[in-house]
Amino acid sequence: MVMVHEQVGTPREVRTPRARRHDANVGRILDAATELVAADGLASLSMARLADAVDYTPGALYRYFDSKDALLAKMVERVLGDVRGKLEEAVVDATAKTSPLARVAALVAAYRAFARREPHRFGLLATTMAEPRVLLAEKAHAQAVAAAVIGALQPLAQALVDAAEEGLLAPGGAVERTLCLFTMLQGVLQLPKLARHAPGGIDIDQLVVAGTRALLVGWGASPRNVTRALEGLS
């Protein structure tokens with residue numbers, strides 16, 4: 001299922017040296033911005049500080065990003081592109097698992113692994129994805145991030161569509177289900193700090209399993225099939 005239409009850019013092999021240098025500079029700027037956010041938090045990021053980190057003048061930096069909004073939007077889009085790559089890898093790795101429900105579980109595990117492995121990048125997504133306009137004042141940048149979220153979730157949407165088509169789930173809206181499952185994961189995976197201080201502790205992995213199970217069963221999957229699909233997730 002195609003949830004968004006992707007634009008195909010100029011093939012890399014025909015890009016000019018100048019264009020390649022521009023891309024390399026953009027990548028270096030985004031890397032530096034991500035490192036600043038990881039070290040000191042999103043509130044510490046400013047165009048002046050970033051310009052100093054990459055040894056540019058602020059004016060030179062604005063040739064690549066015309067505002068902080070543009071910079072933040074591109075940072076988030078870049079992370080979401082990486083997330084989509086990880087989810088697509090999980091689908092490939094799960095090809096031997098014939099059940100679409102097993103693919104759903106593999107995708108859930110892949111996103112959980114991303115949140116653990118790259119907590120600062122996950123935190124950047126958590127700050128912007130629920131309502132991009134809270135952070136991104138310019139509508140066009142907020143819309144770009146929202147579209148990137150939907151695009152990143154295509155592998156999960158396809159697994160849910162396949163599950164419904166094979167009768168493993170009741171018929172239902174794929175977009176709604178995809179966003180419900182992703183929102184559950186996003187919320188649960190933001191709880192490690194609370195888990196460390198909660199009396200008796202909070203088992204994040206168990207919450208991921210329980211939330212995924214509740215949604216899949218609620219959408220018509222048999223408890224037995226869900227148990228089998230989630231065996232490797234807990």
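The values are calculated or read from the model by the stated rules, or taken from the named source; none is laboratory data. All values reported here derive from a predicted model rather than from experimental measurement. Cβ: placed from backbone, ideal geometry, glycine included. Neighbour counts: every protein chain shown. Accessible surface areas use protein heavy atoms only, side chains included; no ligands, DNA or RNA. Shrake-Rupley method; radii C 1.70, N 1.55, O 1.52, S 1.80 Å.
Tabulated data
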| read-out | value |
| --- | --- |
| Accessible area (Å², 1.4 Å probe, nearest 10) - S99 | 40 |
| Exposure of K74 as accessible area (Å², to 10), given a probe of 1.4 Å and all protein chains | 80 |
| Segment 58-83 residues near the modelled D52 label - backbone nitrogen below 19 Å, point 7 Å along Cα→Cβ | 58-62, 68 |
| Å² of accessible area per residue within segment 46-97, as computed with a 1.4 Å probe and no ligands counted | 52 |
| Accessible area, probe 1.4 Å, largest first, for residues M75, M184 | M184, M75 |
| Vicinal HN-Hα couplings computed from phi for segment 176-190 (Karplus, 6.51 cos²θ - 1.76 cosθ + 1.60; Hz; Gly/Pro x) | 4, 5, 4, 5, 4, 5, 5, 5, 4, 4, 4, x, 5, 6, 8 |
